[in-house]
1. Which pairs have Cβ atoms under 8 Å, sit 6 or more apart or on different chains, and link a residue in the stretch 47-71 that is modelled with pLDDT of 95 or more and aromatic (F, W, Y) to one that is part of a strand (DSSP E or B) and open to solvent by 60 Å² or more (accessible area, probe 1.4 Å)?
2. Out of all the residues in the stretch 5-21, which are surrounded by 14 or more Cβ atoms within 10 Å (Cβ to Cβ) and either in contact with a Ser or Thr (Cβ under 9 Å, 6 or more places away or on another chain) or assigned to a loop (DSSP other than H, G, I, E, B) (or both)?
3. Being among the aromatic types (F, W, Y) and either in contact with a Lys or Arg (Cβ under 9 Å, 6 or more places away or on another chain) or more than 12 Å from V16 (Cα to Cα) (or both) narrows it down to one residue among F51, F63; which is it?
4. Any residue at all in the stretch 26-34 that is touching a Ser or Thr at 6+ places or on another chain (Cβ under 9 Å), open to solvent by less than 80 Å² (accessible area, probe 1.4 Å) and either touching a residue at least 40 places away in the same chain (Cβ under 8 Å) or part of a helix (DSSP H, G or I) (or both)?
5. Mind checking which residues of the stretch 42-79 are closer than 10 Å to F12 by Cβ and of a type in the set (D, E)?
6. Say whether the condition of being over 18 Å from N5 (Cβ atoms), open to solvent by 40 Å² or more (accessible area, probe 1.4 Å) and in a helix (DSSP H, G or I) is met by at least one residue in the stretch 44-63.
Amino acid sequence: MEWLNYHHLFYFWKTVQTGTVAAAAESLHLARPTVAAQIKELEKSVGRPLFEKQGRGLVLTEFGKEVHGYAEEIFALGHELREFIKTGHQGNRK
């Protein structure tokens, strides 16, 4: 993996946040197959599964939990950046 596609990571992160691919797709105003395909592309690029099927749903793999932790930090930092750009205040950053 040379470069991380942040759109793929965002769709993965949103799926974890909302609990299902369908809920993520709805919140992103996208079709469910679009979100599912983007997550599959992320799994392909990182070389490991992020989710595994459990019954009719999906659960994070141990690797997926680790990736989600990084995604949490990345998108929290992105939110801070957006707030700084909007307000000019650094917030909690030193």
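1. Taking only residues 6 or more apart or on different chains, the pairs are F51/L58.
2. H8, Y11, K14, Q17, T18, T20, V21
3. After applying the criteria, what remains is F63.
4. Taking every residue of the stretch 26-34 in turn, at least one turns out to be touching a Ser or Thr at 6+ places or on another chain (Cβ under 9 Å), open to solvent by less than 80 Å² (accessible area, probe 1.4 Å) and either touching a residue at least 40 places away in the same chain (Cβ under 8 Å) or part of a helix (DSSP H, G or I) (or both).
5. E43
6. The answer is yes, given that some residue of the stretch 44-63 is over 18 Å from N5 (Cβ atoms), open to solvent by 40 Å² or more (accessible area, probe 1.4 Å) and in a helix (DSSP H, G or I).
The values are calculated or read from the model by the stated rules, or taken from the named source; none is laboratory data. Everything numeric in this text was worked out from a predicted model, so none of it was measured. Positions of Cβ are generated from backbone atoms using ideal geometry, with glycine treated the same way; all protein chains shown enter the neighbour counts. These area figures cover heavy atoms from the full protein model, side chains too; ligands, DNA and RNA do not enter into them. Shrake-Rupley method; radii C 1.70, N 1.55, O 1.52, S 1.80 Å.
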